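Data block below; observations after.
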Amino acid sequence: MANLFKQFGGIILFSSALCLFSCSKDSSTQTSSQSGLPTITISDSAKNITAQSATFTCNVTSAGSTTLIEKGICYSTSANPTISNSTVVRSSSTGNSFSLTQNTFTKGTTYYVKAYAKNSLGVGYSNEITFRTYGYTGQAGGLVFYDKGVISNGWRYLEVSPVDIGTSHQWGKDSLISGANNSTLGGGYQNSIDMINANLINPSWAIPTAIQVVKAYSLNGYNDWYLPSDIELSSIWSCLAKYRIGGFASLNGINYWSSTQLNKSNANYYNLDGVGGGGYNNKVGSMAIRAVRRY
C-alpha cells in the first residue's frame with residue numbers, strides 16, 4: 001500500500017508541476033489582443049529629424065476589449081522606454097492614426113521610442129525604434145545635418161564644416177557655366193565639379209572664388225569638401241542654424257553662397273539667421289562660405 005501511495009503520489013506531484021509550468025508559460029506568452037490590451041504601431045523610422053526635433057507616425061490598430069483612454073509616445077536615452085520610466089508625449093488626436101512632433105530633444109543624442117495606447121486594463125506598446133538628433137560630429141569632424149538612412153551612390157551622411165572657411169568671396173565670373181544648377185541634397189558635389197571644370201579656380205586672382213576656397217580646404221585629413229547646393233544650405237538652417245548650433249556668421253546678417261547657379265549673372269545664397277531664407281545675388285558679389293562633404 002505504501003509503495004502504491006508513493007507511486008500515485010509521485011504522479012500527482014508530477015502532474016501538478018506540469019500543470020503549473022504549462023500555465024506559467026501560457027501567461028508569459030499572452031499577446032496584447034489576448035489580454036484585452038490595445039495594440040498600436042509606430043513607423044519604422046523618425047521623420048523630419050533636426051538637432052532638437054523629430055516626428056513620429058503611429059496607428060492604434062485595436063482599442064482592446066475596453067474603451068481607449070490615452071495614446072501617444074514615450075521615449076528615453078535608454079532602451080525599452082515605458083510610460084513609467086521615460087518621457088511621455090500624449091496625443092490629442094481623436095482618430096486611430098496620429099503624428100507627434102517633439103521639439104525638446106538634445107542635439108547629437110540617440111533616443112529610443114515606443115508608441116503606446118492605454119485602456120482600463122493596462123497599456124499596450126509598439127515595437128521600439130531608435131534615432132539620433134543632428135549636430136553630432138561627422139567622419140571628418142564636421143556637424144552632421146542629414147542622414148538618408150542607407151548608403152546609396154556611395155554616401156549616407158552629410159556634414160558641414162564646423163567653422164566658416166571664408167567670409168567675403170565672390171561666386172565666380174559673370175558668365176553661364178555648364179551645369180552647376182543642381183538643387184538637391186548631395187547635389188552640391190556635382191555643382192562643385194562643374195564650377196571647377198569651368199575654370200573658376202585661378203591662383204592669379206587677388207581674392208579666391210568660393211569654389212577655390214572650398215577646394216583648398218582640408219580637415220582631419222579629409223579634402224573632399226564641396227560648396228553646398230541651395231537645398232543643402234536650407235537643410236543646414238532647418239537642422240542646425242535654426243537652433244543656434246554651428247556658430248554661423250549669418251546669425252549676424254551674413255549670407256552664404258550656394259553652388260546652385262541661377263543664370264548667367266546670378267547664383268543662389270542662403271541666410272542662416274533665425275528665420276532662414278534664401279535668394280540670389282550677382283556672382284561677383286561677396287559672401288561667406290561653409291563647406292560640405294558626403295560620406
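Just so you know, all these numbers are worked out from the coordinates, no wet-lab data involved. This one's a predicted model, so the numbers in the text were calculated from it and none came from an experiment. As a convention, Cβ positions derive from the backbone with ideal geometry for all residues, glycine included, and neighbour counts pool all protein chains shown.
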For region 195-240, take every pair of Cα atoms, bin their distances at 10 Å starting from 0, and report each bin as a whole percent. 24, 41, 31, 4
Could you work out the pair-distance distribution P(r) of the chain from its alpha-carbon pairs, with 5 angstrom bin width and percents rounded to whole numbers? 1, 5, 10, 12, 12, 10, 8, 7, 7, 6, 5, 4, 3, 2, 2, 1, 1, 1, 1, 1, 0, 0, 0
Ranked output for segments 94-102, 204-212, 163-171 by mean other Cβ atoms within 10 Å, highest leading, reads 163-171, 204-212, 94-102
Tell me the angle of helix 188-197 to the major Cα principal axis of the chain, expressed in degrees between 0 and 90 and rounded to the nearest ten. 20
Over region 23-179, one equal point on each Cα, no solvent: what is log10 I(q)/I(0) by the Debye formula at q = 0.08 Å⁻¹? -0.36
Would you calculate the separation in nanometres between label points at Ser92 and Asn197, each defined as 7 Å from the Cα along the Cα-to-beta-carbon direction? 5.3
How large are Rg and Dmax for region 143-294 when only the alpha carbon atoms are used, in Å? 14.1, 43
Between 0 and 90 degrees, rounded to the nearest ten: what's the tilt of helix 2-28 against the longest Cα principal axis of the chain? 30
Under 20 Å between alpha carbons, and skipping anything fewer than 8 positions from Lys173 in its own chain: which lysines qualify? Lys215, Lys264, Lys283
How high is the relative contact order of the chain, given as a whole-number percent (alpha carbon pairs under 8 Å, six or more residues apart)? 16
Using the basic label-point model (7 angstrom from Cα toward the beta carbon), what is the Thr106 to Asn266 distance in nanometres? 4.5
Let me check against my output: what whole-number percent is the relative contact order of region 199-295, with C-alpha pairs under 8 Å and at least 6 apart? 27
Using a simple spin-label model with points 7 Å from Cα along the Cα→Cβ vector, what separation in nm is obtained for Thr77 and Gln139? 2.7
